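Colleague: Next up is a structure, given as structure tokens.
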Amino acid sequence: IERVKCFPELLSLIIPWRHKHKMKNKWRLIIHPESEPSWNMAVDSALLQHLKEGEVTLRLYRWNKPAVSIGYFQDMDNEVNVALCRNDNVPIIRRVTGGGAVFHHEEITYCLIHPIEGVFSGISIPDSYKIISQPFVMALSSLGIDALYRPINDIIVGNKKISGSAQTRKATVLQQHGTMLVATNTDAMFQYLAVNPVAMQTSDKPVITIAELIDYESKEALYQKVIDAIVTAFSDVFNVSLQKSDMTEEEEETAKVFQQKYFLHDDWNKNKMPQQ
């Protein structure tokens, strides 16, 4: 509880829920290595599709190539340098969650799928962003990085963004994606995204990575350190036991269908129309 003091407004949300759940709950923890961008989005959608009653899933994963994801409601041409992405073979994928365009490269991405009950019962989307940001702030703190939550869905170090999130809600379940910039090529980020060039010229780069802030022996060691910190922080904040797992056969089959029908095709990625 002491570590939640950096978010005093959350005490009224988290502590009553924890008192009602004195026994540790078990969440499913899925950690995936570098994967195809279209597969990453397909897996998250499949996990949402097959979430069992009362189950919670936290997935942490990486990308095997640079990619851009756009929010469900966005116009690709307004948000992304489409010509450069296609020239450089950088996939552009439409998420099922809202939010803005994101350049994915050398990062840890998370997906939390949680019933809208317990700590999230009666909680608005903005307040749920506050709650879910807490373990990431704590994880960064454990790495020696002084981070803060910035409404509505960012985590910052100084005034620079190190993590952003997007959420969708389906019936009684919420799904939130987010990124943690580990060693991202932030110069490339602003080439592929449609960023106002005047703003970039008149201000410092508005993002920062973990690799810029702490010493590390190797990139893989850094990734493992960040993953361990995130897992520990989620366990502490939500008072849960995270049980390592993998996808079920049913989830894998659904992910394959979603990858082929949606995330590999311009019909979906550009126009929100699934492949027939």
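Colleague: Is it the case that region 67-82 has a residue that's open to solvent by 10 Å² or more (accessible area, probe 1.4 Å), among the small types (G, A, S) and at pLDDT 95 or above?
Modeller: Quick first cut of region 67-82, residues open to solvent by 10 Å² or more (accessible area, probe 1.4 Å) only: 72-75, 77-79, 81-82.
Checking which are among the small types (G, A, S) leaves us with none.
Scanning region 67-82 turns up no residue that is open to solvent by 10 Å² or more (accessible area, probe 1.4 Å), among the small types (G, A, S) and at pLDDT 95 or above.
Colleague: So, in region 27-54, of the ones that are modelled with pLDDT of 95 or more and charged (D, E, K, R), which residue ends up surrounded by the fewest Cβ atoms within 10 Å (Cβ to Cβ)?
Modeller: Among those that are modelled with pLDDT of 95 or more and charged (D, E, K, R), it is E34.
Colleague: From E117, E106, grab the single residue that is within 17 Å of F238 (Cα to Cα) and open to solvent by 20 Å² or more (accessible area, probe 1.4 Å).
Modeller: On the way: E106 fails: within 17 Å of F238 (Cα to Cα).
Step by step, each of E117, E106 is checked, and only E117 is within 17 Å of F238 (Cα to Cα) and open to solvent by 20 Å² or more (accessible area, probe 1.4 Å).
Colleague: A further question follows. List, please: which pairs have Cβ atoms under 7 Å, are six or more places apart or on different chains, and start with a residue in region 130-153 that is free of Cβ contacts under 8 Å to residues at least 24 places away in the same chain and more than 15 Å from I108 (Cα to Cα) and end with one that is open to solvent by 50 Å² or more (accessible area, probe 1.4 Å) and not aliphatic (A, V, I, L, M)?
Modeller: Note: pairs meeting the criteria are A147/S141.
Colleague: Still on this model: If I ask for residues that are closer than 15 Å to H177 by Cβ, part of a strand (DSSP E or B) and among the hydrophobic types (A, V, I, L, M, F, W, C), which ones from region 27-82 would you list?
Modeller: Listed by number, the residues that qualify are I30, L58, L60, W63, A67, V68, I70.
Colleague: In addition: Please state which one of K272, K244 is more than 22 Å from L51 (Cβ to Cβ), in contact with a strand residue (DSSP E or B) (Cβ under 7 Å, 6 or more places away or on another chain) and not β-branched (V, I, T). Walk me through how you get there before you give the answer.
Modeller: Working: K244 fails: more than 22 Å from L51 (Cβ to Cβ).
Within the list K272, K244, the selection yields K272.
Colleague: If you don't mind, there's one more thing I want to ask. Going through A139, A166 one at a time, which residue ends up being touching a Lys or Arg at 6+ places or on another chain (Cβ under 8 Å), within 30 Å of Q191 (Cβ to Cβ) and buried (at least 20 other Cβ atoms within 10 Å of the Cβ)? Don't jump to the end; show me each part of the working.
Modeller: On the way: A139 fails: touching a Lys or Arg at 6+ places or on another chain (Cβ under 8 Å).
Result: A166 is the single residue among A139, A166 that is touching a Lys or Arg at 6+ places or on another chain (Cβ under 8 Å), within 30 Å of Q191 (Cβ to Cβ) and buried (at least 20 other Cβ atoms within 10 Å of the Cβ).
Colleague: Then there's this: Does L264 satisfy the criteria of being touching a strand residue (DSSP E or B) at 6+ places or on another chain (Cβ under 6 Å), more than 14 Å from A46 (Cβ to Cβ) and not aromatic (F, W, Y)? Please lay out each step first, then the result.
Modeller: On the way: touching a strand residue (DSSP E or B) at 6+ places or on another chain (Cβ under 6 Å): no; more than 14 Å from A46 (Cβ to Cβ): yes; not aromatic (F, W, Y): yes.
Considered against the rule, which asks whether it is touching a strand residue (DSSP E or B) at 6+ places or on another chain (Cβ under 6 Å), more than 14 Å from A46 (Cβ to Cβ) and not aromatic (F, W, Y), L264 comes out as no.
Colleague: Now a separate question. Here is a check on your reading of the model: is A147 in contact with a strand residue (DSSP E or B) (Cβ under 8 Å, 6 or more places away or on another chain), open to solvent by less than 20 Å² (accessible area, probe 1.4 Å) and at pLDDT 95 or above?
Modeller: Working: in contact with a strand residue (DSSP E or B) (Cβ under 8 Å, 6 or more places away or on another chain): yes; open to solvent by less than 20 Å² (accessible area, probe 1.4 Å): yes; at pLDDT 95 or above: yes.
Here the answer is yes, as A147 does meet what is asked.
Colleague: Also, quick follow-up: Going by the conditions given, is I92 modelled with pLDDT of 95 or more, within 30 Å of F238 (Cα to Cα) and not small (G, A, S)? It would help to see each step written out before you state the result.
Modeller: Numbers: modelled with pLDDT of 95 or more: yes; within 30 Å of F238 (Cα to Cα): no; not small (G, A, S): yes.
So I92 fails the test.
The values are calculated or read from the model by the stated rules, or taken from the named source; none is laboratory data. All values reported here derive from a predicted model rather than from experimental measurement. Using ideal geometry, Cβ is built from the backbone for each residue, glycine included, and neighbour counts are taken over all protein chains shown. When the accessible area is computed, the model is the full protein with side chains, heavy atoms only, and any ligands, DNA or RNA have been set aside. Shrake-Rupley method; radii C 1.70, N 1.55, O 1.52, S 1.80 Å.
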